[in-house]
Amino acid sequence: MTVPADKAALLAAMRDEYRRLRAVLARVPPERAFARELDGHAKGSRMSAADLLAYLLGWQALVLKWHRLEREGAAIDFPDAGYRWNQLGLLAQKLYRDYREIGDWARLCAMLDDSQRQVEALVEGFSDEALYGRPWYDKWTRGRMIQFNTASPCRNARGRLAAWLKTLGQVRAEG
């Protein structure tokens, strides 16, 4: 994936990666979506496809939260209150827990669709200058921070799910 350098490229990357992820999500058997059969984000941990969706939902929620706090003039704790960038595995575990009570695969997918629309609308509201003209957090532009937490994790999730789905196909073929 080419690193977006303007609003149009960022939106195109977000939409393309999400469209491709959605195609893979449609292949997930709902009866297996909550089984912890994938490697988790923390070393030695396991997660389900539903946990992976929770992770994506959580990061999109954080992007929206950062911008809400900025609009309110409040301090932003990056990546989230109580977590540092070197604790992303712990943050992933929290994100899984945040959505754990949702036991319906279709509902989780619909929630991700809605969240994706909200983040796209957020990006639509910024100019190229606001997205890429200056650092927003540390050395990173606003657009790069959004891309890091939307298009990039969608691409990663798609790869993880596609690999897992291949193993399910092998299990079914053998069984």
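Quick one: what pairs do we get from the range 60-81, first residue farther than 14 Å from TRP140 by Cβ, second open to solvent by 70 Å² or more (accessible area, probe 1.4 Å) and part of a helix (DSSP H, G or I), C-beta under 8 Å, 6+ apart or different chains? Close Cβ pairs satisfying both conditions: GLN60/GLN118; LEU64/GLN118.
Does any residue of the range 96-107 turn out to be open to solvent by 30 Å² or more (accessible area, probe 1.4 Å), under 21 Å from GLN147 (Cα atoms) and over 14 Å from the mean Cα position of the chain (by Cα)? No, the range 96-107 contains no residue that is open to solvent by 30 Å² or more (accessible area, probe 1.4 Å), under 21 Å from GLN147 (Cα atoms) and over 14 Å from the mean Cα position of the chain (by Cα).
On the stretch given as the range 78-92, residues that are of a type outside the set (Asp, Glu), open to solvent by less than 90 Å² (accessible area, probe 1.4 Å) and not in a helix (DSSP H, G or I) total 5.
For ASP128, the requirement of being of a type in the set (D, E, K, R), touching a Lys or Arg at 6+ places or on another chain (Cβ under 7 Å) and either under 19 Å from ALA26 (Cβ atoms) or open to solvent by 40 Å² or more (accessible area, probe 1.4 Å) (or both) is met. Before we move on, is ARG97 closer than 21 Å to VAL3 by Cα, in a helix (DSSP H, G or I) and among the basic types (Lys, Arg)? Taking the combined requirement at face value, the residue does not satisfy it. For the range 66-77, a residue qualifies if it is loosely packed, with under 15 Cβ neighbours inside 10 Å and either within 17 Å of the chain's Cα centre (by Cα) or not acidic (Asp, Glu) (or both), and the qualifying residues are ARG68, LEU69, ARG71, GLY73, ALA74, ALA75.
In the condition set (1) surrounded by 22 or more Cβ atoms within 10 Å (Cβ to Cβ); (2) farther than 18 Å from ASP114 by Cβ, GLN60 is compliant with all but (2). Among residues that are more than 30 Å from GLY125 (Cα to Cα), within 16 Å of the chain's Cα centre (by Cα) and assigned to a loop (DSSP other than H, G, I, E, B), ALA42 is included.
Okay, residues lined up against (1) touching an Asp or Glu at 6+ places or on another chain (Cβ under 7 Å); (2) under 18 Å from ALA163 (Cα atoms); (3) not hydrophobic (A, V, I, L, M, F, W, C):
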residue	(1), (2), (3)
LYS7	yes, no, yes
LEU52	no, yes, no
GLY58	yes, no, yes
LYS65	no, no, yes
ASP77	no, no, yes
GLN87	no, no, yes
LEU90	no, no, no
GLN93	no, no, yes
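Considered as a group, the residues in the range 8-53 that are among the basic types (Lys, Arg) and touching a Leu at 6+ places or on another chain (Cβ under 8 Å) include one that is surrounded by the most Cβ atoms within 10 Å (Cβ to Cβ), and that residue is ARG32.
The values are calculated or read from the model by the stated rules, or taken from the named source; none is laboratory data. None of the values given here were measured: they were computed from a predicted structure. Using ideal geometry, Cβ is built from the backbone for each residue, glycine included, and neighbour counts are taken over all protein chains shown. SASA here: full protein model, heavy atoms, side chains in, ligands and nucleic acids out. Shrake-Rupley method; radii C 1.70, N 1.55, O 1.52, S 1.80 Å.
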